[in-house]
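Enquirer: I'd like to ask some things about the structure below.
Every number in this text was worked out from the coordinates using simple rules, so none of it is lab data. Computed from a predicted model, the values in this text were never measured in an experiment. FYI the Cβ positions are ideal-geometry reconstructions off the backbone, even for glycines, and counts take in every protein chain you see.
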Amino acid sequence: MSGRIVVTGATGNVGTSVVRVLAEDPAVSLVTGVARRLPEWRPEGTEWRTADLAREESAPALVEMFRGADAVVHLAWAFQPTHDPVTTWRTNVLGSLRVFEAVAAAGVPALVHASSVGAYSPGPEDREVDESWPTHGWPDAAYTREKSYLERALDAFERQHPQVRVARMRPAFCFKKESASEQRRIFGGTFLPGAVARPGLLPVVPDIPGLRVQALHTDDAADAYRIAALSPDARGAFNLAAGPPLDARVLGRMFDARPVRVPAGAVRAAVAAAWRMRLLPASPHLFDAVLRLPLMDTRRARDVLGWRPTRDAESVIEEFVRGMREGAGAATPPLRGRLAG
């Protein structure tokens, strides 16, 4: 029995899956979920606490929440507002630093941190990169800049607190059916109709040079977090992704649409215009970063954690777009479902 595991950001896409797999693990006696707003969802073996990591006064409360825990899984993250990077910096960077400091102050022996493929520097087009690839991110996008900064903060934290076992999880983009409404709101906007995700509806998909990304089912990512929280050998960084890489050819086959070459500059200009008019939440800076993401080699997670994704990337996207069409969600404030269009 590993006792109690604390999960910050416990009501979001990854957090709900992590809470569930931990609560179902017989090695865990109690999962403490931490979120800004309490959910209706109360699985057996869990308790809930509220905290706003952006607020400085949350620091003492975090120490008390973490005290006696066997591990803290830190997932809390704010993607919006992209027009106000100072606000996301307060939650994502300053809030994470408060979590790291509270872990040390409370004497928690293990910290599992949600980094990202977005922390990586632009990568080669002809091969996958392992965990030794530089994590300087793409400096112009808030998301990648913040993820990269926290990698440096953890470098310092590990030197200052060698008694804390630190695992850095670097997943690809994580999707599940229940996250469809939330992710549509975050990246596509409130009024993006889910019907556009129906195969056969769109005659073409844009083939943008350099656009090739990896995806992962959120539940598979959560299982890696579970293993990292419970395993005394889980230290350092772990890439998490499923195959195959997604590009226009794969998406065209999935959506029964023809790939059509479109210059990246033209797409960026359209994204930038929509973002400036506040019609699109996703920023052109994030678009720039996505074009430069490396493909990740996941052998270390397989060898050290014994982890394997159970679903391939195509089935993950198929499930996600089905969720978009249905307005799927879950009984937490971030994951509330909504059918648009």
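Enquirer: Determine the sum of side-chain charges near Val6: Lys and Arg each +1, Asp and Glu each -1, restricted to other residues whose C-beta is under 13 angstrom from that of Val6.
Expert: 0
Enquirer: What ranking of Thr310, Thr8 emerges when the number of other C-beta atoms within 10 Å of each C-beta is taken as an exposure proxy, fewest first? Could the numbers behind the result be given before it?
Expert: Numbers: Thr310 10, Thr8 27.
So the residues, fewest neighbours to most, are Thr310, Thr8.
Enquirer: How many nm separate the modelled label positions at Asp52 and Arg67, each set 7 Å beyond the Cα in the direction of the Cβ?
Expert: 2.4
Enquirer: Turning to a different aspect of this structure: Assuming R0 = 25 Å, what is the FRET efficiency of Asp126 and Arg261, from their Cβ-Cβ distance, to the nearest 0.05? Could the numbers behind the result be given before it?
Expert: Values: r = 20 Å, r/R0 = 0.81.
My answer for the efficiency is 0.80.
Enquirer: Taking H placed 1.01 Å from N in the peptide plane, check which residues at least 5 places from Gly243 or on another chain put their amide H under 5 Å from its amide H.
Expert: Ala313
Enquirer: Per q in 0.14 Å⁻¹, report the Debye log10 I(q)/I(0) for the chain, using one uniform scatterer on each alpha carbon and no solvent.
Expert: -1.17
Enquirer: Return, ordered by residue number, the residues of the stretch 1-39 whose backbone nitrogen is under 19 Å from a label point located 7 Å along Cα→Cβ of Asp233.
Expert: 1-2, 27
Enquirer: While we're looking at this one, here's another question. Packing-wise, with mean Cβ within 10 Å as the measure, how do 313-325, 58-70, 124-136 rank, highest first?
Expert: Details: 313-325: 19.9, 58-70: 18.0, 124-136: 14.2.
By packing density, highest mean first, the sequence is 313-325, 58-70, 124-136.
Enquirer: Which ³J(HN,Hα) values, rounded to whole Hz and listed in residue order, are derived for the stretch 171-183 from phi using the Karplus coefficients 6.51, -1.76 and 1.60 in 6.51 cos²θ - 1.76 cosθ + 1.60 with θ = phi - 60°, glycine and proline given as x?
Expert: Working through the residues one at a time gives x, 6, 5, 9, 9, 8, 4, 5, 8, 4, 5, 4, 5 Hz.
Enquirer: OK, next. Using a basic spin-label model with each label point 7 Å from the Cα along Cα→Cβ, how many nm lie between Ala272 and Arg292?
Expert: 1.5
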